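To start, the structure under review is shown below, and the notes come after it.
Derivation of every value follows stated rules applied to the coordinates shown; laboratory data play no part. Owing to the predicted nature of the structure, the values given are computational and were not obtained by experimental measurement. Counting neighbours? That spans all protein chains shown, and the Cβs are built from the backbone with ideal geometry, glycine included.
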Amino acid sequence: MKASRSVVAFLIATSFSPVAMAADVVKIALTGPFSGGSAPMGVSMRDGAKLAFSEINQRGGIIVGGKKMKVELIERDDEGKNDRGALVAQEISSMGDVSAVIGTVNTGVAVMGDKYYVEKGIVKIISPAAGSLSLTQWSKAGVKDLPIFRFAAHDGIQAQMVVEKALMLGLSKVAVLHDATNYGVSGRDDLIAQINRQGGKLKVVAVEKFAIGDKDMTGQLIKAKAAGAQAILIWGIGPEMAAVASGKEKLGFRVPMIGGWTLSMSNFIDTAGASGNGTLMPQTFIEDESIARAKPFIQAYHKAYGVAKIPSPVSAAQGYDAALLLAEAIHEAGSTSPAKIKLSLENLTVTVKGAIADWKKPWSKWNPSNVETHEAFRRANTVMGKVQNGRVVLANPAEKFVLQGTGTK
Amino acid sequence: MDAKYLALVQMAVGGGVMGMAYALVAYGFQLTYAAGKAVNFGQGELVMLGAFAGITLTGIGLPYWAVVPGAMVVGALLGWFIERVAVRLALKQRNEGWILLTIIVGLFALSSVENIWGREDRPFPVPWPAEALDFFGISFTWSELAIVVGALGMMTLVELAKRYTMAGIAVQAVSADPDAAELCGIRSRSAISLSWAVSGAAAAFAGTVIGPVTTVGPTMAAALTLKAFSVAVVAGLDSGFGLVIAGVALGAAENLSGYALGSGWREAPGLILLILALALRPQGVFGKKIIRKV
């Protein structure tokens, strides 16, 4: 009985053989938190990437080796949880016919899950997870050949900008607040490292952590206030940072809050309300139709998903541009094989015009002692954003040229 | 006052306010325990459902003063429903199935909420300003004030109703001796149903006053049930206003230890208090000792 069943299973498997199917489609997986506290980023990233792929499919697909192949998407919700993310990565890497993955919002998920992609050599473009650890883990391990790329302004750049901004505001004493996740802890380390690198002119008078789900931040803020902090430098995700903003309001502790790009999440902006106004964070993209380069993407996103406001504009635009770059790499590779796609991502020849920038060879051959080889963004692609009445605007309108520009590095 | 002490007082006040919220949820345990000797382990989920009902009613344009009673009606119906489907049969069969059944109903509520409203935490819109009030250097918000006033007001109203209305006296009679009450012509089944409905309404009311402070999401339920149950057990399940003292003590202890020892230690003193209370006064700090006559 058992034997006959497995024979039947074998026959079924071979009769619908992927050989015929696989020749016609490129399978790409999109993973991220489509529910939970990080969902605004995950959903926007997914929808941005889907927008790009649906435009490509409308044109008939990606030309691979002279033949047009449609993109078929596989979506998996990792719920922003490390263990769930590891399961998703195991599942996708064992499918056997997935060419590449775009996704991951939570650094912890990348830390737990990406090893499965590396083992199988499956190409992954991390976006928008920014935690430094998701690439430095591979340089620490001394991996020689890495199929993991990042398309997001990593925390190193962001921490640099946050510290620059604090110095520009003429501050001397700051408090560092962070959540207890991999993202928050590595953000804290990046901030402190940056403060030292920029001459130690800022004095960290308090370092306080909080847990995911905490609603009352009075304790941490009282300590920061008592220590004389002139600003809160913060690394966390939307809901908890909103609790910090309203706690500040409650205590009458009116100092600037500067932190990672997650301060642009809708669940920060909407929950914090008026208490979030003036908050500063690095951005690679601003939802502002007066930026000529961004306008077509913003309009297409609004139309496709019936919204007037993108939940996380940065994630959406990065998802979109990452998808365009991946499609170009598959075209240049002339193959759906992950190994070949990896090579062509490292050696892109055509400049890809995206919603964020013109991407001219964003990545190069992986060098374990220099993670920048697999990082697409540089300081020059990134601007400071500011929360203003429920939206993120340019903190310094003069920086608009950065987002208009060619963005080559 | 010295800034250091002021900070401690600030933490204690903030914690005390959350403690009032625990007490209000714990009060729901007390109501159903008095009448039918059973409690709803899905009480936190009722709080959450009350909060979501409130947000939904606000969404269709109702003002806050209409949203609160609206949510309470939803809560009362749910409380009645839980007693009807999950508790009554198990109690009739004299088994402890109601423990599992109320947990299951709670989990079911949790999944429904995740599917209907999603998993995101969202703000609860309120009519009062977001600015903080200052009281001799201690700041608190209007929303926190609403928890204090709401919890005390709700409990006072129900306690008065228990003493001075026909239905309230009937519930008390059933609570004292169901068989004797039946002999006096009181339908104990209706009295128990009533107490579950009131308990449900109190939970939903709690949702509408806690929501503005904590934001509303499916995960708000689990922690609330546990904390409120601890408060109910520490105070005693028949302690009346003793709950408020136990609740405020637990909330303040949590906040103070989080402040003094670090945020990871928030939960520890509450648990130690719970263990101590159970060891020293198993009937509850404010509970009455039951003397069984043989």
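Brief remarks on what is shown
- Boolean, residue B:23 is away from chain A (no Cβ under 14 Å) and surrounded by fewer than 24 Cβ atoms within 10 Å (Cβ to Cβ): no
- Selection status of residue A:317, within 16 Å of residue A:28 (Cβ to Cβ) and crowded, with 24+ Cβ neighbours inside 10 Å: no
Residues checked against (1) basic (Lys, Arg); (2) free of Cβ contacts under 8 Å to residues at least 24 places away in the same chain; (3) touching a Phe, Trp or Tyr at 6+ places or on another chain (Cβ under 7 Å):
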| site | (1), (2), (3) |
| --- | --- |
| A:49 | no, no, yes |
| A:59 | yes, yes, no |
| A:62 | no, no, no |
| A:81 | yes, no, no |
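- Among the criteria (1) closer than 25 Å to residue A:30 by Cα; (2) within 14 Å of chain B (Cβ to nearest Cβ), the one residue A:177 does not fulfil is (1).
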